[in-house]
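The values are calculated or read from the model by the stated rules, or taken from the named source; none is laboratory data. Bear in mind the structure is a predicted one, so any value in this text is a computation, not a measurement. Every residue, glycine as well, gets a Cβ built from its backbone with ideal geometry; the counts of neighbours run over all protein chains shown. What goes into the accessible areas is simple: the full protein's heavy atoms, side chains included, and nothing from ligands, DNA or RNA. Shrake-Rupley method; radii C 1.70, N 1.55, O 1.52, S 1.80 Å.
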Amino acid sequence: MAAAEEEAAGRRRCAGYRHGPPWVFKGSALYQLHLVKASTARAFVPRDLRLVEAFGYTLGGMFLARYHDSPAGAFDELVVIAGIVWNPPTSCAWAARVLVNSVEACRHGRKEVGLPSHVATFSKTIGDEPLARSNGFLSVLGIGSTAPKQENRREIEISETKGSSTRHLCSISMPLTGSHKHHKWMGPAIRMSLPSFSGQTEDHPDLLKYSCKVECRVRPVKPARIWNPRTSEPQECSDGKINSVGSNVLADSVAQSQSISVLLSKPIFALEFSSLRMHVDAPKIFVPQCKKEVGYSST
């Protein structure tokens, strides 16, 4: 009986994606930017796309979301952003890895959107951590406090699962919000479009482009701390690209390790998205400008 109910629930979740596109996701998220080495990001970005970089670095990071309503029901998602690539006159993000604790959301990401999606577990705990020592100069002015304070933090341990095996990917720690007076301000309401590239995977060999239309309240927050005590350095081929099972697909175990390198890079800025409502359009095949020019000149 339980198996039949679970199967029926799975069919209902699958049917949820049939109501789109656009597919609608509601929840909250943390959008965090990191300084990522350009050499690390290039291992993920197709050769046809030009990386936005300066002094050997690009902007990558993560998008950590909790959806309470979506076509796949409630689930968590971690998008590891390898870097930013040019899409004149603007730019687009490139996802190195997508982790979700929903089999149906993983299947949809892979089959319909061309994302490098994987199933993972998100184990959450809440604990206290001493705040950093206050600034002595501020204390003289009566602004700082010398009394030790505790900060409530949420810790999330993310482990990737494949069949019966599980591999720890990273742990993320961030301050709890909503419990202090100064957290009552949720920031201004905004609307924006976040264009992204995808594809060139085993399920979608073509390069794809799609758009996420976001409505939310946004405010700057302290960047989350990310760590992995078992990080290993990925190996590179002689041409600088990570070993792959195909010309455009990274070897999965190496791609996982390289994704950890992105997460452990230096954070520079973080935004909290609350009252999030995100509309995701269906992807379309994208032809880079360089290929269009080559095709035109050859005719």
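Numbers at a glance
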| item | result |
| --- | --- |
| Placed amide H near Leu207: partners under 5 Å, 5+ positions off or other chain | Gln200, Phe286 |
| Full-stretch length increase - Glu202, Asp252 - with 0.36 nm per residue and alpha-carbon distance subtracted | 16.9 nm |
| Backbone HN-Hα couplings from phi across the stretch 58-64 [Karplus 6.51/-1.76/1.60, Hz, Gly and Pro as x] | 10, 9, x, x, 8, 10, 10 |
| His68-Ala54 pseudo-label distance in nm [points 7 Å out on the Cα-to-Cβ vector] | 3.9 nm |
| For Ser275, net neighbour charge (Lys/Arg +1, Asp/Glu -1) across residues whose Cβ lies under 13 Å away | +3 |
| Met278 accessible area, assembled protein chains, probe 1.4 Å, Å² | 10 Å² |
